[in-house]
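The values are calculated or read from the model by the stated rules, or taken from the named source; none is laboratory data. From a predicted model like this one, the values you see are computed outputs, not experimental measurements. Please note: Cβ atoms are built from the backbone with ideal geometry, for glycine as well, and neighbour counts cover all protein chains shown. Each accessible area value is taken on the protein alone, full model and side chains, heavy atoms only, with ligands, DNA and RNA left out. Shrake-Rupley method; radii C 1.70, N 1.55, O 1.52, S 1.80 Å.
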Amino acid sequence: MWSHVTPRCVQCIKNKSFVRPFHKPSFQGKSSTASQVSNRKQITVGPLQNRISNVLQQWTRSYSAHFTYVPDTVPSSEGETVRMNLFQAVNNAMDIALASDPTAIIFGEDVAFGGVFRCTLNLQEKHGKDRVFNTPLCEQGIAGFGIGAAVAGATVIAEMQFADYIFPAFDQIVNEAAKFRYRCGNEFDCGRLTFRAPCGAVGHGALYHSQSPEAYFAHTPGLKIVMPRGAVKAKGLLLSCIRSNDPCIFFEPKILYRSAVEQVPTRDYELPIGKADILLEGENVTLLGWGTQVHVLREVAQLAQDRLNVTCEVIDLVTIQPWDRETIYNSVVKTGRLVIAHEAPLNCGLGAEIAASVQKECFLNLEAPIQRVTGHDTPFPHVFEPFYIPDKWRCLEAVRAAVEF
């Protein structure tokens, strides 16, 4: 049955139990009305499959928002602020970069009209077609052109439409951008080169629009890798990346684009790369995450307080490379326990490197084995996403295992 239906129609059948007439599906070469398709689905799919499908749909709807967003606040000394979500803060940062640096350029797939997530909205109209422009659908070409432009003296902001699409550019980023300064003895470099890439779970992205590939690049000396947790951090960190003398990858958790709303300073400001943030102080367990996972862990800390009577120290790593070892080590020395959570798969994830480093430096202070709560070692699923992501309940069980060891 499914082989005769367009992908869009398959999605509608699975989620809605009918196909809208304008999809014009074809079964064995014959067009069918919405009611006929619905009836045919009921005949083809047995009662057990229907019950399973209904349960999964209800479960997904109930748990699709797997975190509660906690906004950052800024002191009044930061001056005027404006309510922005994360994609607006990213847009504002790039607008400032273009206005303050005449060599700055932005390019990528569909960026001229604003991009699929609207992060470059109105920037071409404001700064011109020679500074904000589209590229072919070729990530390797985007990276290669960005490296060349940066070496020639431009400040480059290159967009990868999804982090999942960055892999064709892997060779250019890892073998060219990251090594450029080293191979020429610091005579030349391709600093002021930033690759932006939306990443992570979004509730419906499936295997090609949900990945978190930060660990692939963290293995590469010469790159800086950053992932913000909200709008205030996104603006300041992106401006720091844009102006850095080393190539940077700026991963943007796409589920936060509209859900992360904060009062963001309107002025031009930068935030430090390589410095973690302690969001909640605690005495019993250190909870470490980055990006969206930080908000999951804040809720876990409250659950641990209420259900286990333990206090957790919640840390946002902020920078994947170079990561803030001192802040993490000091926290683990104090608490004696560490839970690391990230959406990327378990095997060879960044959590493994952090765990190994903490074990080496804080071994005598550890009261329990380091816990890792991650995505599973499978491709990122679609309907089973709620079972894949490291939600608050899986993280809470890791806290329980640590304190009861």
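When we screen Val403, Val383 for residues that are open to solvent by 30 Å² or more (accessible area, probe 1.4 Å), touching a Ser or Thr at 6+ places or on another chain (Cβ under 9 Å) and of a type in the set (Val, Ile, Thr), the only hit is Val383.
The helices (runs of 4 or more DSSP H) found entirely in the stretch 347-405 that carry 2 or more residues being at pLDDT 95 or above and among the polar types (S, T, N, Q) are 350-361.
This table checks each residue for (1) part of a helix (DSSP H, G or I); (2) loosely packed, with under 14 Cβ neighbours inside 10 Å; (3) at pLDDT 95 or above.
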site: Val74; (1), (2), (3): no, no, no
site: Val82; (1), (2), (3): no, yes, yes
site: Gln88; (1), (2), (3): yes, no, yes
site: Asn91; (1), (2), (3): yes, no, yes
site: Asp95; (1), (2), (3): yes, no, yes
site: Ala99; (1), (2), (3): yes, yes, yes
site: Ile105; (1), (2), (3): no, no, yes
site: Thr120; (1), (2), (3): no, no, yes
site: Glu125; (1), (2), (3): yes, yes, yes
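If you go through the stretch 263-285 and keep only what is closer than 24 Å to Trp323 by Cβ and of a type in the set (D, E, K, R), you end up with Glu270, Lys275, Asp277, Glu281, Glu283. Return yes when Gly291 is in a loop (DSSP other than H, G, I, E, B) and open to solvent by less than 50 Å² (accessible area, probe 1.4 Å) and no when it is not. Against the criterion (in a loop (DSSP other than H, G, I, E, B) and open to solvent by less than 50 Å² (accessible area, probe 1.4 Å)), Gly291 qualifies. In the stretch 263-275, the condition of being surrounded by fewer than 20 Cβ atoms within 10 Å (Cβ to Cβ) and touching a Phe, Trp or Tyr at 6+ places or on another chain (Cβ under 8 Å) is met by at least one residue. Taking the criterion of being over 19 Å from Glu214 (Cα atoms), open to solvent by less than 10 Å² (accessible area, probe 1.4 Å), in contact (Cβ under 8 Å) with a residue 60 or more places away in the chain and under 21 Å from the mean Cα position of the chain (by Cα), the only residue of the stretch 298-332 that qualifies is Val300.
Scanning the stretch 245-281 for residues that are closer than 30 Å to Arg337 by Cα, without any contact (Cβ under 8 Å) to a residue 60 or more places away in the chain and assigned to a loop (DSSP other than H, G, I, E, B) yields Ile255, Leu271, Pro272, Ile273, Gly274, Lys275, Ala276, Glu281.
For Pro228, the conditions (1) closer than 19 Å to Ala215 by Cβ; (2) in contact with a Cys (Cβ under 9 Å, 6 or more places away or on another chain) are fulfilled apart from (2). Filtering Thr378, Thr335, Thr374 for residues that are of a type in the set (Ser, Thr, Tyr), over 23 Å from Asp72 (Cα atoms) and open to solvent by 50 Å² or more (accessible area, probe 1.4 Å) leaves a single hit, Thr378.
Look at (1) over 21 Å from the mean Cα position of the chain (by Cα); (2) closer than 30 Å to Ala231 by Cα and you find that Pro381 fails only one, number (1).
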